[in-house]
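Novice: The structure under discussion is supplied below as C-alpha cells; questions concerning it will follow.
The values are calculated or read from the model by the stated rules, or taken from the named source; none is laboratory data. Because the structure is predicted, anything quoted here is derived from the model rather than measured. Cβ coordinates were reconstructed from backbone atoms using ideal geometry, including for glycine residues, and neighbour counts include every protein chain displayed.
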Amino acid sequence: MSEQFTPPAAHPAIILVRPQMGENIGASARAMWNFGLHHMRVVAPRDGWPNERAVALASGAGRVLDAARLVDTTAEACADCDFVFATTARDRDLTKPVFTPEAAMQEAAKRMAQGQRVGVLFGPERAGLENDDIARANAIVSVPVNPDFPSLNLAQCVLLMGYEWRRQVEQAEATQMEMAGTVWANHAEIDALADHYEATLDRAGFFFPEAKAASMKRHLRNVWSRMPLTRADAQTFHGMMRQMVRWKERG
C-alpha cells in the first residue's frame with residue numbers, strides 16, 4: 001500500500017462501472033495518474049475489492065487505488081456530480097448530446113472552473129455501459145474510431161480521456177527545441193564561421209573562375225546565414241575545416 005493520499009477536488013471523477021478484470025482497474029489507475037487524475041470510483045467490481053491484480057498493474061499509481069471509492073451502483077457513484085459524461089462506442093436509443101473526447105474535456109474544465117463536480121462513466125470490458133447507466137448521464141462521449149473495430153480497452157479509454165483532460169488544464173507548446181546544453185549561434189559567430197570557410201576555400205582555389213568568385217562567396221555566406229546553427233554546430237564546422245587542412249598538409 002502507498003502512503004496516505006487525499007485527492008484534490010478539482011479533477012473529474014473516473015467512474016468504472018462493473019469492471020471485470022482487476023488488471024484493467026490497475027491499468028486505468030496508472031493511466032489516470034499519468035495525466036494527473038486522482039478520483040477513481042469503482043462500481044461493483046466483478047472480482048471484489050481490494051484487488052491484488054489491480055495493485056500489480058497500477059505500477060506506481062497505487063495511491064489512486066488507495067483513495068478509490070467503492071460503491072454498489074452507478075447512481076451512488078454519480079450522486080454528488082453536477083454533470084456526468086458516459087463513454088460509449090455503440091448506438092444507443094437515447095436522445096443526448098454527443099461530444100468528442102476533446103470537446104467533452106473542454107466542457108468538463110469549464111464546468112469545474114465554475115465549481116461543478118464532473119464524472120466520466122466507463123463501462124465493463126465485455127459490452128460497455130448499459131442503457132440504464134447511460135440514462136443517468138447528461139451527455140455521451142464518442143471516440144472517432146474505426147467503425148469496423150470500435151471497441152477500446154478500458155484502460156485505453158481512460159488514458160484517452162485523461163490525455164484530453166490534461167490538454168485543457170496544462171498548456172504545452174506544440175513544438176519545442178531541446179538545446180542539449182548549447183545556445184543558438186549569434187550573427188558574429190556565423191560571420192566568423194563564414195570568414196573561416198571563405199578564407200580556407202579561397203586558399204584552396206575553390207572560387208574559380210575569378211569572374212564568379214564574388215557571386216560564389218555571397219551564395220556560400222547566404223547558406224551559412226540560412227542554416228539554424230547552434231554554437232556547438234559552429235564549433236564543429238570550424239573543427240572539421242581545421243582538421244581537413246591539417247590532413248592535407250600532412251599529405
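Novice: Kindly indicate whether any position in region 125-148 is in the same structural domain as D47 (by TED's automatic domain parsing), surrounded by fewer than 17 Cβ atoms within 10 Å (Cβ to Cβ), modelled with pLDDT under 95 and among the hydroxyl-bearing types (S, T, Y).
Specialist: No; the residues of region 125-148 include none that is in the same structural domain as D47 (by TED's automatic domain parsing), surrounded by fewer than 17 Cβ atoms within 10 Å (Cβ to Cβ), modelled with pLDDT under 95 and among the hydroxyl-bearing types (S, T, Y).
Novice: Hey, does region 168-176 have a residue that's free of Cβ contacts under 8 Å to residues at least 60 places away in the same chain and under 21 Å from A75 (Cβ atoms)?
Specialist: Of all residues in region 168-176, those free of Cβ contacts under 8 Å to residues at least 60 places away in the same chain come to 171-176.
Subset that is under 21 Å from A75 (Cβ atoms): none.
Scanning region 168-176 turns up no residue that is free of Cβ contacts under 8 Å to residues at least 60 places away in the same chain and under 21 Å from A75 (Cβ atoms).
Novice: Now for a different question. Only one of these is under 30 Å from F85 (Cα atoms) and of a type outside the set (D, E, K, R): V183, V158. Name it.
Specialist: Numbers: V183 fails: under 30 Å from F85 (Cα atoms).
So the residue among V183, V158 that is under 30 Å from F85 (Cα atoms) and of a type outside the set (D, E, K, R) is V158.
Novice: Could you tell me which residue of region 35-86 is farthest from A10 (Cα to Cα), considering only residues that are basic (K, R) and in contact (Cβ under 8 Å) with a residue 40 or more places away in the chain? Give the steps one after another, and end with the answer.
Specialist: Of all residues in region 35-86, those basic (K, R) come to 41, 46, 53, 63, 69.
Filter once more, so that each one left must be in contact (Cβ under 8 Å) with a residue 40 or more places away in the chain: 41, 46, 63.
On the way: R41: 15, R46: 29, R63: 17 Å.
Checking each candidate, the answer is R46.
Residue by residue, here is whether (1) part of a helix (DSSP H, G or I); (2) closer than 18 Å to R18 by Cα; (3) hydroxyl-bearing (S, T, Y); (4) out of contact with any Pro (no Cβ under 8 Å at 6 or more places or on another chain) holds:
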{"site": "V84", "(1), (2), (3), (4)": "no, yes, no, yes"}
{"site": "A103", "(1), (2), (3), (4)": "yes, no, no, yes"}
{"site": "G115", "(1), (2), (3), (4)": "no, no, no, yes"}
{"site": "A137", "(1), (2), (3), (4)": "no, yes, no, yes"}
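Novice: Search region 117-135 for residues being touching a Gly at 6+ places or on another chain (Cβ under 8 Å) and part of a loop (DSSP other than H, G, I, E, B), and hand back the single one that is nearest to P45 (Cα to Cα). Give the steps one after another, and end with the answer.
Specialist: Taking region 117-135 first, the residues touching a Gly at 6+ places or on another chain (Cβ under 8 Å) are 129-130, 133.
Filter once more, keeping what is part of a loop (DSSP other than H, G, I, E, B): 129-130.
Values: L129: 14, E130: 15 Å.
Out of the qualifying residues, it is L129.
Novice: While we're looking at this one, here's another question. So is T182 more than 30 Å from T100 (Cβ to Cβ), in contact (Cβ under 8 Å) with a residue 24 or more places away in the chain and not in a helix (DSSP H, G or I) or not?
Specialist: Numbers: more than 30 Å from T100 (Cβ to Cβ): yes; in contact (Cβ under 8 Å) with a residue 24 or more places away in the chain: yes; not in a helix (DSSP H, G or I): yes.
Against the criterion (more than 30 Å from T100 (Cβ to Cβ), in contact (Cβ under 8 Å) with a residue 24 or more places away in the chain and not in a helix (DSSP H, G or I)), T182 qualifies.
Novice: Filter region 11-38 for residues that are in a helix (DSSP H, G or I) and basic (K, R) and give the result.
Specialist: Step one: filter region 11-38 for residues in a helix (DSSP H, G or I), giving 22-34.
Selection gives R30 alone.
Novice: Can you name the number of the only condition in (1) closer than 19 Å to W165 by Cα; (2) under 22 Å from the mean Cα position of the chain (by Cα) that A139 fails?
Specialist: (2)
Novice: Within the group A108, A127, which residue is among the hydrophobic types (A, V, I, L, M, F, W, C) and more than 23 Å from the chain's Cα centre (by Cα)?
Specialist: Values: A108 fails: more than 23 Å from the chain's Cα centre (by Cα).
Criteria check complete, one pass: A127.
Novice: Give me the residue from region 56-68 that is buried (at least 19 other Cβ atoms within 10 Å of the Cβ) and not in a helix (DSSP H, G or I) and, out of that set, nearest to the chain's Cα centre (by Cα).
Specialist: Step by step, filter region 56-68, then rank; the result is A61.
Novice: Which members of region 206-223 meet the condition of being touching a helix residue (DSSP H, G or I) at 6+ places or on another chain (Cβ under 6 Å) and assigned to a loop (DSSP other than H, G, I, E, B)?
Specialist: Applying the first criterion (touching a helix residue (DSSP H, G or I) at 6+ places or on another chain (Cβ under 6 Å)) to region 206-223 yields 207, 217, 221.
Within region 206-223, just F207 meets the criteria.
Novice: Filter region 193-205 down to residues that are surrounded by 13 or more Cβ atoms within 10 Å (Cβ to Cβ) and either in contact (Cβ under 8 Å) with a residue 24 or more places away in the chain or outside any helix (DSSP H, G or I) (or both), then give me how many there are.
Specialist: Within region 193-205, residues that are surrounded by 13 or more Cβ atoms within 10 Å (Cβ to Cβ) and either in contact (Cβ under 8 Å) with a residue 24 or more places away in the chain or outside any helix (DSSP H, G or I) (or both) number 5.
Novice: Within region 69-100, track down each residue that is crowded, with 21+ Cβ neighbours inside 10 Å, over 23 Å from the mean Cα position of the chain (by Cα) and among the hydrophobic types (A, V, I, L, M, F, W, C). Steps first, answer last, please.
Specialist: To start, the set of residues in region 69-100 that are crowded, with 21+ Cβ neighbours inside 10 Å comprises 74, 77-78, 81, 84-88.
From the residues that got through so far, the ones that are over 23 Å from the mean Cα position of the chain (by Cα) too are 74, 77-78, 81, 84.
Residues satisfying the conditions are A77, C78, C81, V84.
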